[in-house]
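Please read the structure below before turning to the comments.
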Amino acid sequence: MIEKRQFYIGGDWVEPVVPNDLKVINPATEQPVAVISLGTAADVDRAVAAARAAFDTWGEASVEERTALLERIIAVYERRSDEMNEAIRLEMGAPVKFAREQQTPAGTGHLQATLEALRDHRFEFPSPRGGSVLRHEPVGVCGLITPWNWPINQIAAKVAPALAAGCTAILKPSEIAPLSALLFAEILDEAGCPAGVFNLVNGDGAGVGTAMARHADIDMMSFTGSTRAGVSVTQNAAVSVKRVALELGGKSPNLLFADADLDEAVRYSVESCFSNTGQSCDAPTRLLVERSVYAEAVDLAAGVAAGVKVGDPAEEGDHIGPVISELQYEKIQGHIERGIADGARLIAGGPGKPDGFETGYYVKPTIFADVDNDMRIARNEIFGPVLVMISFDTEEDAIRIANDTPYGLAAYLQTGDPERARRVSRKLRAGSVYINGAGPDWDVPFGGYKQSGIGREYGEFGLMDFLELKAITG
């Protein structure tokens, strides 16, 4: 059992004001692997005081000082990457290969992209007509709340630009997947992050999260998680009129036209949905297929799903692992049962655990065909390896169905016609559109329309979230 009850505040590991143990459960074994303590508003007060005191100096640090810190963090992070792989495997059940090749490298990607943005950014420049100086300055003390599904990805995507901008930060990672965050705090400490510039307090949303959002001395909240929780953060933050940046839920459409390479497009669509065991906010979970190839696509999708392996995260391979928790497992089972009850046709997977997996929160890779976009499984974010297939007749029909969702984080498009790709991508109401399996670099903005959030993260765009703009005239 790993004991990680302390918080990182003011450059030191400190005991919680009131100990409140919580076991961290390995979702593959259902056994505890660590114990942390949940913080309180009093712990948040200590962290905010440390961050506020540190801001007086870090907010005036030169670009060269901030650049040097990021460079040191990257060096330590890369040296300790094997430890990060193991932390992510234990806390969220990510298979070792996936953790090593996807999860952990995301931290490096964001750190490096932020470093590049910091080096290139102009913090002071003339106004468009001249006569005034425009100056970017750090927002101040920032509260950062990150999720469990891509833990270090979101931690690095928030902490790196906050520190690069000259802000100080208090991080509350997910309490069910805190090990990667605690390791990241060790990395920042080893890299010589000045005391109070970065702080970490473990806790749940109702306790520490609410205390952070309401805190009068926190100038900005950056939150990634569910839309429901994002609404709560916004409401609590409104009392002090602080800046709020949100990256929330999604139910991303994936438009597959008849002129695409059908075999390749269907395989990409199914495997992308099931990647990370379906636990990605931008996963392409609604597969919209042109009617002339719909029946063939359904057969192909069923075949691809049958080849998706479920396996022990500790074993090497290209399999998917369990979902994060018993609560999440039960929610996903409820969605699958509702899909069957609403009349969708089950072509792969279904209720219950895969054969041979009595222990662990494993879900069968599941596909529903003949889904109507008004069905609950087409409206709700399931956050597991569940794909729904919907037919469409025309390009206009496909765009209408794709946009008929409260979310707008991402959209996907499979077509052999470049002009159609350009035309349709402009009409999709989403923050990111991925065409024919293309993937973005770390400096491309990420965020959503509608109930998928406010603001953009990554690279230069993430840096801008943590900067105020001052006009100096005269």
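The values are calculated or read from the model by the stated rules, or taken from the named source; none is laboratory data. Predicted, not measured: the structure shown is a model, and the values here were computed from it. Cβ coordinates were reconstructed from backbone atoms using ideal geometry, including for glycine residues, and neighbour counts include every protein chain displayed.
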List the residue pairs whose Cβ atoms are under 8 Å apart, where the first residue sits in the range 450-474 and is over 22 Å from Leu111 (Cα atoms), the second is part of a helix (DSSP H, G or I), and the two are 6 or more positions apart or on different chains.
Gln451/Thr227; Ser452/Thr227; Gly453/Gly230
Can you find even one residue in the range 100-109 that is of a type outside the set (Ser, Thr, Tyr), assigned to a loop (DSSP other than H, G, I, E, B) and surrounded by fewer than 18 Cβ atoms within 10 Å (Cβ to Cβ)?
no
When you look at Leu70, is it touching a residue at least 24 places away in the same chain (Cβ under 8 Å) and under 21 Å from Ala165 (Cβ atoms), yes or no?
yes
Tally of residues being part of a helix (DSSP H, G or I) and touching a strand residue (DSSP E or B) at 6+ places or on another chain (Cβ under 6 Å) across the range 51-87
5
Which of the following residues is assigned by TED's automatic domain parsing to the domain that holds Thr146 and in contact (Cβ under 8 Å) with a residue 60 or more places away in the chain: Arg79, Arg52, Arg100?
Arg52
Among the residues of the range 196-207, are any closer than 26 Å to Lys242 by Cβ, more than 19 Å from the chain's Cα centre (by Cα) and assigned to a strand (DSSP E or B)?
yes
Arg429 passes all but one of the listed conditions (1) without any contact (Cβ under 8 Å) to a residue 40 or more places away in the chain; (2) out of contact with any helix residue (DSSP H, G or I) (no Cβ under 8 Å at 6 or more places or on another chain); (3) of a type outside the set (A, V, I, L, M); the exception is number (2)
When residues of the range 15-50 are limited to those that are charged (D, E, K, R) and in a loop (DSSP other than H, G, I, E, B), the one surrounded by the most Cβ atoms within 10 Å (Cβ to Cβ):
Glu30
Filter the range 264-284 down to the residues that are of a type in the set (S, T, N, Q) and over 20 Å from Gln154 (Cα atoms) and list them by number.
Ser269
Determine whether the range 351-368 contains at least one residue that is part of a helix (DSSP H, G or I) and buried (at least 23 other Cβ atoms within 10 Å of the Cβ).
no
Residues of the range 29-49 that turn out to be more than 29 Å from Pro105 (Cβ to Cβ) and either touching a Pro at 6+ places or on another chain (Cβ under 9 Å) or not assigned by TED's automatic domain parsing to the domain that holds Glu175 (or both), as a count:
6
Members of the range 90-99 found to be within 13 Å of His319 (Cα to Cα) and crowded, with 24+ Cβ neighbours inside 10 Å, listed by number
Gly93, Ala94, Pro95, Ala99
What is the residue count in the range 283-328 for residues that are assigned to a helix (DSSP H, G or I) and over 21 Å from Arg345 (Cα atoms)?
3
Return a yes/no flag: does the range 232-242 have any residue that is under 15 Å from the mean Cα position of the chain (by Cα) and either assigned to a helix (DSSP H, G or I) or not assigned by TED's automatic domain parsing to the domain that holds Gly140 (or both).
no
Restricting to the range 122-156, count the residues that are closer than 28 Å to Lys172 by Cα and over 25 Å from the mean Cα position of the chain (by Cα).
2
Matching residues in the range 301-315 - criterion: being more than 17 Å from Asp355 (Cβ to Cβ) and either buried (at least 16 other Cβ atoms within 10 Å of the Cβ) or in contact with a Lys or Arg (Cβ under 6 Å, 6 or more places away or on another chain) (or both)
Ala301, Ala302, Val304, Pro313
Looking only at the range 128-156, which residues are polar (S, T, N, Q) and touching a Lys or Arg at 6+ places or on another chain (Cβ under 9 Å)?
Thr146
